[in-house]
1. Does residue 57 satisfy the condition of being more than 30 Å from residue 165 (Cβ to Cβ), at pLDDT 95 or above and touching a helix residue (DSSP H, G or I) at 6+ places or on another chain (Cβ under 7 Å)?
2. Just give me the residues in the stretch 248-277 being assigned to a helix (DSSP H, G or I) and either closer than 21 Å to residue 227 by Cβ or in the same structural domain as residue 334 (by TED's automatic domain parsing) (or both), in sequence order.
3. Considering the stretch 13-25 alone, what residues qualify as being in contact with a strand residue (DSSP E or B) (Cβ under 8 Å, 6 or more places away or on another chain) and either assigned to a loop (DSSP other than H, G, I, E, B) or farther than 17 Å from residue 75 by Cβ (or both)?
4. Among the numbered criteria (1) within 22 Å of the chain's Cα centre (by Cα); (2) farther than 28 Å from residue 205 by Cα, which single criterion is violated by residue 16?
5. Just to check your reading of the model, which residue among 44, 35, 19 is surrounded by fewer than 20 Cβ atoms within 10 Å (Cβ to Cβ), at pLDDT below 95 and farther than 24 Å from residue 220 by Cα?
6. Spot the failing condition for residue 46; the list is (1) outside any helix (DSSP H, G or I); (2) in contact with a strand residue (DSSP E or B) (Cβ under 7 Å, 6 or more places away or on another chain); (3) free of Cβ contacts under 8 Å to residues at least 60 places away in the same chain, and only one is missed.
7. Identify all residues within the stretch 54-74 that are free of Cβ contacts under 8 Å to residues at least 40 places away in the same chain, surrounded by 13 or more Cβ atoms within 10 Å (Cβ to Cβ) and either over 21 Å from the mean Cα position of the chain (by Cα) or in a helix (DSSP H, G or I) (or both); write none if there are none.
8. Could you please let me know if residue 259 is modelled with pLDDT of 95 or more and over 22 Å from the mean Cα position of the chain (by Cα)?
């Protein structure tokens with residue numbers, strides 16, 4: 001797998017514009033399982049194929065139970081300067097039914113060890129909307145994470161996906177997920193609480209202190225081109241999406257015999273418009289009228305819908321752009337869908 005990833009990096013070195021690389025993200029799986037030598041091989045290949053900015057953000061997703069002093073040192077030596085730690089919850093019962101390998105102590109220790117190893121740029125993931133999670137318990141989670149000296153938090157609502165064990169448990173009545181009202185209460189409380197601790201909600205699910213926005217994810221939301229390497233990885237160059245086959249063995253075999261290991265989709269005007277609406281509305285950077293107009297003319301009918309949402313208090317128009325209000329962020333997907341071209 002490592003050799004195939006290296007081969008793909010070399011094959012696709014010209015996919016991105018010639019400007020310097022500003023971010024690298026090891027994720028979409030469990031990259032913290034990589035041996036130090038394996039991570040070094042990938043990083044060395046990247047450095048020989050691309051020109052890196054001196055302040056490039058290089059992130060590695062890590063599970064708390066994978067973090068130890070030796071791995072932290074090896075990650076630092078490889079050039080990793082940001083960790084994304086999947087804590088999810090500080091309540092043991094939540095971790096147990098989510099089948100997480102780590103426990104609460106490991107969750108807390110993973111942050112402390114990372115900071116002691118010199119990782120100043122940390123983000124952690126939390127999940128709200130969990131079964132039986134009260135607003136008081138959610139506050140305890142937020143109080144815990146904001147007391148750790150972390151400048152970035154990603155927090156997502158629990159969703160029940162088809163064909164998952166969680167979905168099966170819900171159908172069997174083993175678990176009763178939180179209702180929509182409870183999830184909304186936890187979301188709105190989180191916004192207020194994190195704001196009181198100096199965190200800015202710069203994207204619906206992401207909060208940063210002192211402007212420590214995630215460089216990599218911000219690139220997605222602002223429509224920058226990116227290159228994805230490995231099984232299931234997606235790439236985007238502004239006008240075309242490309243994604244690799246998901247099966248590991250098929251990816252390795254197809255690359256080995258130079259068969260197509262990817263699919264492509266040329267984006268239509270409608271696709272580009274809808275993606276800009278979807279991503280722009282999620283951020284504090286907003287949805288710019290001028291950027292939309294470069295894709296397709298803005299109609300009076302469309303503006304009427306925008307004004308209706310403004311009257312509802314769900315968005316505001318300022319400086320030639322649309323920005324969702326706190327209440328509007330609860331309905332972001334609905335608002336976006338109403339503003340899509342169809």
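The values are calculated or read from the model by the stated rules, or taken from the named source; none is laboratory data. The model shown is predicted, which means the values in this text are computed figures rather than measured ones. Neighbour counts run over all protein chains shown; Cβ positions are idealised from the backbone, glycine included.
1. Numbers: more than 30 Å from residue 165 (Cβ to Cβ): yes; at pLDDT 95 or above: yes; touching a helix residue (DSSP H, G or I) at 6+ places or on another chain (Cβ under 7 Å): yes.
Taking the combined requirement at face value, the residue satisfies it.
2. Filtering the stretch 248-277 down to residues assigned to a helix (DSSP H, G or I) leaves 248-256, 269-277.
Matches in the stretch 248-277: 248, 250, 251, 252, 254, 255, 256, 271, 272, 275, 276.
3. Taking the stretch 13-25 as the starting set, the residues that turn out to be in contact with a strand residue (DSSP E or B) (Cβ under 8 Å, 6 or more places away or on another chain) are 15-16, 20-25.
Matches in the stretch 13-25: 15, 16, 20, 21, 22.
4. Checking residue 16 against (1) within 22 Å of the chain's Cα centre (by Cα); (2) farther than 28 Å from residue 205 by Cα, the one that fails is (2).
5. Working: 44 fails: at pLDDT below 95; 19 fails: farther than 24 Å from residue 220 by Cα.
After applying the criteria, what remains is 35.
6. So the condition that residue 46 fails would be (1).
7. Correct list: 66, 71, 74.
8. Working: modelled with pLDDT of 95 or more: no; over 22 Å from the mean Cα position of the chain (by Cα): yes.
No, not satisfied.
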